[in-house]
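Before any comments, here is the structure.
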Amino acid sequence: MDRLTNRFKARLNNGEDTLGLWFGLANNAAAEICAQSGFDWLLIDAEHSPLSDKDILSCLQAVAPYNIQPIVRPVSGDKNVLKRLCDVGVQTFLVPMIDNAEQARSVVSAVQYPPSGTRGLGTSMARAARWNMMPDYFTRANEEMCVILQIETKLGLQNLKSIATTDGVDAVFIGPSDLGAALGYPGQPSHPDVIAAVSQAIRDVRACGKPAGVLAVTSELIDIYKDAGASFVGVGSDCGVLAKGVQRLYESFASGVDAKGDY
C-alpha cells in the first residue's frame, strides 16, 4: 500500500478483528519498542499522559517503519487541537468524552478539508502531505481520515445512536473506566453492571452499522466484549506492562526464587 492509505481504517471497514496497546510513556524509544510487539495498533494517548504535539510527532516517526498502525487520542475534540495533529500526520483519531451528535459533527468537520469540513490548508508545513511533495494528498486526505468517538458518560449512552450514525464517524469506542464511574462504580470496570452496560453499548453500535471498540484488560472481558461485537480491542498499556513487569522481576529475586524469563 502507498504511504497515504490508512491501513487501520481499511481493516476496520473489512470487519477484521484487531488487538491494540495503549501508549502513554512520553518517549519515542518506548514507542518503537511497543511498535515491534506484534500488536495491530498502538493508541498514543495524549489525554491522560504528558505527550505534547512534538512528542506525538516523534512517536509517529518512531513507529512508522513497523507493521503497526498508530491511533491518537487527543486531549479533546477541539478543532484547533485536531488541526495540528492532522498536519503532523495523524490519520486515525480516538476522540474522548463525546456526548452528543453536535460534538460528533464538530470532530468530523475539523479533520476534513472543505467543502465537507473546515480543516485549514497548511500543507507546505505539514508532514501529513510530505510538505507538498505528495501531489494527490488533497484528493485523498478526507477519505483516509478515520474518526472514532469515545462514549464514556450517561449522556453519551443516551445519545449513542445519533452519535454513531453521524456522517463521517467511522467507529465508536466504549470507555469502561469512565463509564463505570459515571454509573456509580469508580475503579470497578469489571463490575457486572458495568460489563452489562458496555456490552449493550457495543451491541447498539453494531446495530447502527458501525464497528465498536473497547478496552479490556482480562481474557474474560476480552471474550465477553468480542462476543458482544467488539472488533478492535485494547488489551493493556505500556505503563501497566512496565509497572507489573518490574514488580514481578523484583519479587522473583526478593523471594529467593530465580526470575523466570530473559529480562
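I need every pair where a residue in the stretch 86-105 that is under 30 Å from S124 (Cβ atoms) has its Cβ under 9 Å from the Cβ of a residue that is part of a strand (DSSP E or B) and among the polar types (S, T, N, Q), sequence separation at least 6 or different chains.
Cβ pairs passing all conditions: Q91/Q69; T92/Q69; L94/Q150; V95/Q150.
Which residue is surrounded by the fewest Cβ atoms within 10 Å (Cβ to Cβ), if the candidates are limited to the stretch 211-235 and must be of a type in the set (G, A, S) and out of contact with any helix residue (DSSP H, G or I) (no Cβ under 9 Å at 6 or more places or on another chain)?
Within the stretch 211-235, the match that is surrounded by the fewest Cβ atoms within 10 Å (Cβ to Cβ) is S219.
Hey, can you tell me all the residues within the stretch 45-68 that are exposed (fewer than 15 other Cβ atoms within 10 Å of the Cβ) and either of a type in the set (S, T, N, Q) or outside any helix (DSSP H, G or I) (or both)?
H48, P50, S52, A64, P65, N67 - these are the residues of the stretch 45-68 that are exposed (fewer than 15 other Cβ atoms within 10 Å of the Cβ) and either of a type in the set (S, T, N, Q) or outside any helix (DSSP H, G or I) (or both).
Check V194 against each of (1) assigned to a loop (DSSP other than H, G, I, E, B); (2) surrounded by fewer than 22 Cβ atoms within 10 Å (Cβ to Cβ); (3) touching a residue at least 12 places away in the same chain (Cβ under 8 Å) and name the one condition it does not meet.
With respect to (1) assigned to a loop (DSSP other than H, G, I, E, B); (2) surrounded by fewer than 22 Cβ atoms within 10 Å (Cβ to Cβ); (3) touching a residue at least 12 places away in the same chain (Cβ under 8 Å), V194 is out only on (1).
Regarding the stretch 52-64, can at least one residue be identified that is at pLDDT 95 or above, of a type outside the set (S, T, N, Q) and touching an Asp or Glu at 6+ places or on another chain (Cβ under 7 Å)?
yes
Being modelled with pLDDT under 95 and at negative phi narrows it down to one of S162, S190, so name that one.
Testing whether each residue is modelled with pLDDT under 95 and at negative phi leaves just S190.
Could you list, ordered by first residue, the pairs with Cβ atoms under 8 Å in which the first is in the stretch 167-189 and under 14 Å from L215 (Cβ atoms) and the second is polar (S, T, N, Q) and surrounded by 22 or more Cβ atoms within 10 Å (Cβ to Cβ), at least 6 apart or interchain?
V172/Q150; F173/Q150; I174/Q150; G175/Q150
If I go through the stretch 92-123 residue by residue, how many of them are within 19 Å of the chain's Cα centre (by Cα) and charged (D, E, K, R)?
2
Which one of these is surrounded by 15 or more Cβ atoms within 10 Å (Cβ to Cβ), part of a loop (DSSP other than H, G, I, E, B) and β-branched (V, I, T): V108, V90, V81, V72?
So the residue among V108, V90, V81, V72 that is surrounded by 15 or more Cβ atoms within 10 Å (Cβ to Cβ), part of a loop (DSSP other than H, G, I, E, B) and β-branched (V, I, T) is V90.
Cβ-Cβ distance below 6 Å, separation of 6 or more or different chains: which pairs start in the stretch 139-151 with a residue that is farther than 16 Å from F173 by Cα and of a type in the set (D, E) and end on one that is surrounded by 23 or more Cβ atoms within 10 Å (Cβ to Cβ) and modelled with pLDDT of 95 or more?
E144/Q91
Of the conditions (1) within 19 Å of the chain's Cα centre (by Cα); (2) of a type in the set (S, T, N, Q); (3) not in a helix (DSSP H, G or I), N142 clears all except one; give me its number.
Status for N142: all satisfied but (3).
The values are calculated or read from the model by the stated rules, or taken from the named source; none is laboratory data. All figures in this text were calculated on a predicted structure; none of them were measured in a lab. Cβ sites come from the backbone with ideal geometry, for glycine too, and all protein chains shown count toward neighbours.
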